[in-house]
Amino acid sequence: MSIMEDTSSDLHDVGGLLQAGFNVQASYVDRQIVRALCHIVSMRAAKLVGAAVAGIVKKASEARDDQEPVVVSISGQLTEMNQPYVECTIKTAKRVARTLDLCEPVFNVLGEDGYTVGAALSSFSK
């Protein structure tokens, strides 16, 4: 279980992870702070990734002659473990693409690791 997945009322799993990883006995307030910081860092990372994806979409659009939208496939364990991260990444990429006057990219979100080949193939299909 990850820190972001802990929905228990006392954030027991967050405390367990802090104890196991850092040998720290965390209070409830400490666990809340750690969880909030993980959320902030995760959303910031998602925004940076979304901006990078928009940059790649821009380059891909410039390399193509047609005005078809670029298809971006996302796969891996993260798509199941931290859905808000994926949603933030997609939202940011679309927002930046609009700012750059690009055709809005189309996103395919696939499941767990092992589907990378499927993600690549679905990106190339029309």
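Just so you know, in region 54-111 the residues that are among the charged types (D, E, K, R) and either under 19 Å from SER42 (Cα atoms) or assigned to a strand (DSSP E or B) (or both) include one that is modelled with the lowest pLDDT, and it is GLU80. If you filter region 1-53 down to residues that are in contact (Cβ under 8 Å) with a residue 24 or more places away in the chain and outside any helix (DSSP H, G or I), you find that the one that is nearest to the chain's Cα centre (by Cα) is SER2.
Which of (1) modelled with pLDDT of 90 or more; (2) surrounded by 12 or more Cβ atoms within 10 Å (Cβ to Cβ) is the odd one out, the single condition VAL41 does not satisfy? Going through (1) modelled with pLDDT of 90 or more; (2) surrounded by 12 or more Cβ atoms within 10 Å (Cβ to Cβ) one by one, VAL41 breaks only (2). When each of ASP30, ASP66 is tested for being over 17 Å from MET4 (Cβ atoms) and open to solvent by 40 Å² or more (accessible area, probe 1.4 Å), the lone residue that passes is ASP66.
The values are calculated or read from the model by the stated rules, or taken from the named source; none is laboratory data. What you see is a predicted model; the values in this text were computed from it and never measured. Glycine also receives a Cβ, built like all others from the backbone with ideal geometry; neighbour counts cover every protein chain displayed. Each accessible area value is taken on the protein alone, full model and side chains, heavy atoms only, with ligands, DNA and RNA left out. Shrake-Rupley method; radii C 1.70, N 1.55, O 1.52, S 1.80 Å.
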